[in-house]
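Following: one structure in structure tokens, then a few remarks.
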Amino acid sequence: MVIKSIKIGIQEKASLAYIIANILSKGLNFITIPVFTRLLSTSEMGVTSTFSSWQTILYAVVSLGLVSGSFNIAMVTYEKLRDRYMAVCLAVSSVSAGLFLLFCVLISPIWEELTDLPYVTIWVMAAYMFLQPAMDYWYAKERYENKYKAVFWVSTTSALLSVLISVFGVWAAARGNVTYNLGAVKIVTQFAVLFIYSFIIYIIIFAKGKCVYDKEMIIFALKLSLPLVIHSLAKNVLDISDRIMISRICGQSDAGIYGTIFTISLMALVIWGAINSALVPEMFESLKISDFARVEKKIYGLITVFGEISIIAVLFSPEIIHILTTRSYYDAVYLMPPLFASVFLSSIYNIYGNFLLYKKHTVLIMVATLLAAGFNVITNYFFIKKYGYTAASYTTLASTLFLAIGQGIMQAKIYKEKVISHARIALIGMIGAVGCLLSALLFENRLLRYLTVVLITTKLLFDAKKVLKTGNK
């Protein structure tokens, strides 16, 4: 593998591997956007967007937050019993998924009316609740231990097969003039492959863990994770309530347009997610030995680099929208600046959230996210009615800024010693967010846009090199 030959530390190799794997796996979905926006109507695209929204919200509750909160801390607490801990968590989440399945059986007659989704999707949702936790636990453990090779191959091959089968399935259904909703066809075929991979890992976890019940581990996991269920639910409401509300207020067609643009903006979040997953173990280890100087510099560098990536993406927005979508989506290009600014600011509240999580202040994380989600829903309700789906991109940005400031204030109160400069973080955040928004002014001037891209890319390469050097010291 190319990563193996790069002369950097194991954490940096792992981070690069996760970024590449995420870009390849998620990137395949982005590459297929031009295919699906031409095979599916905007309302059918709205079905896939609405399904994704409900899936994310329900998973936050049914999974009990076991992978988002306690897992990384458990990797330290149960260092010699990690496989056992994974098996216990999977058993707990499986019980929760079983209860959800019973719930699905009870509400199946009114599923379509309740969610605006085809009937078949309820069973896809139920299977996802059973199997996805296995994949999430396995990914988290491999990442924590910097074992990037298996994660790389599993994520890329499963994504490739999933994309190929879903494209073929939708194409065949469209060509055969079937009466099925093509959005539902895409959902079923897309998840079929992922379920096979998850089922295999599901079996492996139980085989290696050799345990389904450990009272101490269950109490440890639930005590830290249950407050984060509300956090995850609120965070998902913050991220995707706009799509559900657009569907209800403006219709599936507008939800399809907004959801597609929102999905495109998430490409940057894929990059940050991979960076943060590799950064968390290093942050926790540095805090453990009270030596945070090196990783502090890395945090500033990583946020700066991510801000530059976000601005470059906004500058290329007209080309991205024209390549990936059809004429029906072109006017939505102006959603990109606020959405990318929001994605960038999410990196800042992630950093603060990492600090709070290390101190096991999961309740504070929950409170901050709950307040931001409430702010988002209220502003969406009033502004989407008045200004349509465009308003949702700006309410999302405002809510993300609200959350970043809130968690920053909490981190400052919890950590009496100085481990990070809030002024420097605020400055980087302001420059990145404002840079994304102002980039919209250059949409009509291609030459000036391209010159700006060259300048920012040059700085990006210089800053990225500095970050990699920081990791080697």
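Remind me, relative contact order of segment 291-365 in percent, using alpha carbon pairs under 8 angstrom and six or more residues apart?
It comes to 28 percent, rounded to a whole number.
How long is the gain from residue 110 to residue 415 if the chain were fully straight, where each residue apart is worth 0.36 nm and the alpha carbon distance is subtracted?
So the extension gain works out to 104.9 nm.
Quick one: which residues, 5+ away or cross-chain, put their amide H under 5 Å from the amide H of residue 40? H built at 1.01 Å from N.
Sorted by chain and number, the residues that satisfy this come to none at all.
Please work out the FRET efficiency for the pair residue 223 and residue 447, using the Cβ-Cβ distance as r and a Förster radius of 51 Å; give the result to the nearest 0.05.
So, using R0 = 51 Å, E works out to roughly 0.30.
Once you have the Cα-Cα distance between residue 149 and residue 430, take 0.36 nm times their residue separation minus that, and quote the gain in nm to one decimal. If you can, show how the numbers build up before the last one.
Values: separation 281, 0.36 × 281 = 101.16 nm, distance 3.64 nm.
Going from the current span to full extension adds 97.5 nm.
Subtracting the Cα-Cα distance from 0.36 nm times the residue separation, let me have the gained length for residue 199 to residue 398 in nm, one decimal.
Answer, rounded to one decimal: 67.7 nm.
How would you classify segment 352-416 from its alpha-carbon gyration tensor, with a ≥ b ≥ c the square roots of the eigenvalues: rounded for a/c under 1.5, else prolate if a/b is greater than b/c, otherwise oblate?
prolate
Name the shape class, rounded, prolate or oblate, that the alpha-carbon gyration tensor gives for segment 44-170, where a ≥ b ≥ c are the square roots of its eigenvalues, rounded holds for a/c under 1.5, and otherwise prolate holds if a/b is larger than b/c and oblate otherwise. If you can, show how the numbers build up before the last one.
Working: a/c = 2.75, a/b = 1.45, b/c = 1.89.
The shape class here is oblate.
Residue 171 to residue 322: FRET efficiency via 1/(1 + (r/R0)^6), r the Cβ-Cβ distance, R0 22 Å, to the nearest 0.05?
Working: r = 22 Å, r/R0 = 1.02.
E(calc), rounded to 0.05, equals 0.45.
Taking Cα pairs under 8 Å and at least six residues apart, what relative contact order does the chain come out at, in percent? Provide the component values of the computation, followed by the final result.
Numbers: 631 pairs, mean separation 112.6, N = 473.
It comes to 24 percent, rounded to a whole number.
List the pairs from 223/416; 359/413; 208/288; 298/459; 359/418; 360/416 whose alpha-carbon separation is above 18 Å, in the order I gave them.
223/416; 208/288
For n ≥ 4 DSSP H runs only, could you compute -39500 (n - 2.57) per run for the chain, divide by its residues and tell me the 222 nm figure to the nearest 500?
-29000 deg cm²/dmol
By its C-alpha gyration tensor, with a ≥ b ≥ c as the square roots of the eigenvalues, how is the chain shaped: rounded for a/c under 1.5, else prolate for a/b larger than b/c, else oblate?
rounded
I want the local charge near residue 460. Using Cβ-Cβ distances under 13 Å, sum +1 for each Lys or Arg and -1 for each Asp or Glu among the other residues.
For residues surrounding residue 460, the net value is +1.
Where the centroid of each part is defined by its Cα atoms, how far is segment 353-413 from segment 192-210 in Å?
35 Å
In the neighborhood of residue 227, defined by Cβ-to-Cβ distances under 15 Å, what is the net charge if each Lys or Arg adds +1 and each Asp or Glu adds -1?
Its environment carries a net charge of +4.
Throughout, read-outs are computed from the coordinates displayed, never taken from laboratory work. Small disclaimer: the values here were computed from a predicted structure and weren't measured. Ideal geometry is used to build each Cβ from the backbone, glycine not excepted, and the neighbour counts take in all protein chains shown.
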